[in-house]
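The block underneath contains the structure these notes are about, expressed in structure tokens.
Just so you know, all these numbers are worked out from the coordinates, no wet-lab data involved. Every value quoted in this text rests on a predicted model; they were computed, and no experiment measured them. Here the Cβ positions follow ideal geometry from the backbone for every residue, glycine too, while neighbour counts run over all protein chains shown.
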Amino acid sequence: MSKSNIHDFAVTSQSKPILLNVLSIDDDEIDRMRLLKTCRKAGLMVDFTEAANLDEMRECLAVETYDLVFIDHNLGMDTGLDALGILLAHEEQVNAVPIMLTSSVDYHIAVEAMRRGCADYIVKDELTVDALIKSVTSAIERRALYGALSEARSSESELKSIFERFMVSCGPEMRELLRRSMMGVRAVKMQARSDDNVDSTLLANLSMFERGAKDLVVFMDDLESVVGAGRRLTVNELRKRIQ
């Protein structure tokens, strides 16, 4: 899928679906079937290919290019991060958009996956039509945004200056606030799940808040990468650069 097609899909995904070549990497056949059914219910037009392990994944990548690649984090003796590394290193899959599927709400797994290049993630227990559409659309839009940023080199110096000042003045406080907020949300969700009387809307809102907080953490990591011209900088390094 070209950049223009990616942008068109992100804007018109619900009203004008286009055919997507999808690869699902998951050792659980039932979960693969569930993903396919959810794609169809969401109105996505997909050519759906399945791989149960890394060897099958390599075979698929060698013969076909993909628009979306859904990667389960638990792959027997391997992990979704291993699969993600293989995908990102494949020179024929540079336009593939990877989305991680996890069986838990482990914050560290989701953030680490996105730090390594995953476009988005979905918790399997929360896989719904709305969640899938949101994830696919936001992942493709994020890819299009990053592509536009990488091409806007004429204003790179000014952007870096703005990012540097933001990360130094607000970064540490925002990270601590987000960390505490997510810890609080997880505690409330755990307690709420044991109470059958809790409104399901409340749990959905808490999950939405938690997701937004994780996205902010990853976005701040992306800003640090942009400021550091491709390498991670510590806050102290940033401070030294603008003094």
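Descriptive notes on the structure:
- Database remark: amide H of VAL123 closer than 5 angstrom to the amide H of THR102 (H placed geometrically; neighbours at sequence offset of 5 or more, or on other chains; Pro and chain starts carry no H).
- Taking amide hydrogens as placed 1.01 Å from N in the peptide plane, the amide H of VAL69 sits under 5 Å from those of LEU23, VAL97, ILE99, each at least 5 positions away in sequence or on another chain.
- Euclidean distance between Cα centres, the range 79-101 to the range 111-128, Å: 13 Å
- Peptides ranked, highest mean first, by Cβ atoms within 10 Å: ranges 206-219, 171-184: 206-219, 171-184
- Stretching the chain fully between THR128 and ASP55 yields a gain of 23.4 nm (0.36 nm per residue, less the alpha carbon separation).
- The label point for LEU203 and the one for ILE86, both projected 7 Å from the Cα toward the Cβ, are 3.4 nm apart.
- Contact order, relative form, for the range 14-105: 31 percent (alpha carbon pairs under 8 Å, 6 or more residues apart, mean separation divided by residue count).
- Long-range HN-HN contacts of LEU75 with modeled amide H, under 5 Å: GLY80
- Between ARG193 and MET174, the modelled label-to-label distance comes to 2.9 nm, taking each label 7 Å out from Cα in the direction of the beta carbon.
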